[in-house]
Amino acid sequence: MSDGPHKSLPLRNGYQRVAAWAFKPAFSITQVGEAAEVALLRDVAIEVTPTIKSLVGIVDGQDLLSLASSMHDQLDRMRVDPAVDTLAANAVEGAQMALRDGYGGIVALEKGIASALAERLAAVGRAMEEHYLVKAGPGACQQMRRRMNETITQMTNSGTFDRMAKSILGDRSVNVARTPTVHDGLDQGVPL
């Protein structure tokens, strides 16, 4: 007997948990969101953390060369640099859009990171849908699409991506989920 399509999902382990929980209606959208938050933070640690200090230096004006025009040039160079991972490049692009929209400094970077996190989860959700279509059929694919869309909507509306961006940039006043909450007691079971 198979453990389910999520076991063969070609994504990082955290996303396998997200897929398993999203597919099972016993898990609430909030629980799926917690699992997604943990998986995204792992991606941030791998892909964004190595470039965050230089990115903050450029956007926050700590770099002596960060005049408005040179700041955009530096961000352009960072975005297309092959040494910069995809999630970090998406955060740079989001920060550039926020700067064009009138946000400045760290706030623009927060907007960029939040946007990159939402885009990453949407892309992972599409990969899950495709995988479930092949492994479990169209009904499973549609269920996965619906549940992942509900998760992304809930995370966006509750400000999860913004909260995560603040935490990534060092704001200690916000809390992020480092591990998903596991409900394993009788009194913590599935809500009726």
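Every read-out reported here was derived from the displayed coordinates using simple, explicitly stated rules and does not represent laboratory data. Please read these numbers as outputs of a predicted model, since none were measured by experiment. Here the Cβ positions follow ideal geometry from the backbone for every residue, glycine too, while neighbour counts run over all protein chains shown.
The figures follow:
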quantity	calculated
Spin-label pair Val134/Arg79, simplified geometry with 7 Å Cα→Cβ offset, distance in nm	3.2 nm
Length released on extending from Asp171 to Ser28, taking residue separation times 0.36 nm less the Cα-Cα span	48.7 nm
Local net charge near Arg146, Cβ-Cβ under 14 Å (Lys/Arg +1, Asp/Glu -1)	+2
Under the Karplus curve 6.51 cos²θ - 1.76 cosθ + 1.60, θ = phi - 60°, whole-Hz ³J(HN,Hα) for the stretch 37-43, x wherever Gly or Pro sits	4, 5, 5, 5, 5, 5, 4
Whole-Hz couplings from phi, Karplus 6.51/-1.76/1.60, listed for the stretch 84-101; x for Gly and Pro	8, 5, 4, 5, 5, 5, 5, 5, 4, 4, x, 5, 4, 5, 5, 4, 5, 7
Computed FRET value (nearest 0.05) for Leu11 with Ala45, which takes r as the C-beta separation and R₀ as 22 Å	0.90
Within the stretch 18-51: backbone nitrogen closer than 19 Å to the Gln154 label point (7 Å, Cα to C-beta)	18-41
Separation in nanometres of the label points that stand 7 Å from Cα toward Cβ, at Asp101 and His72	1.8 nm
Linear extension gain, Arg146 paired with Arg178, 0.36 nm per residue minus alpha-carbon span	9.0 nm
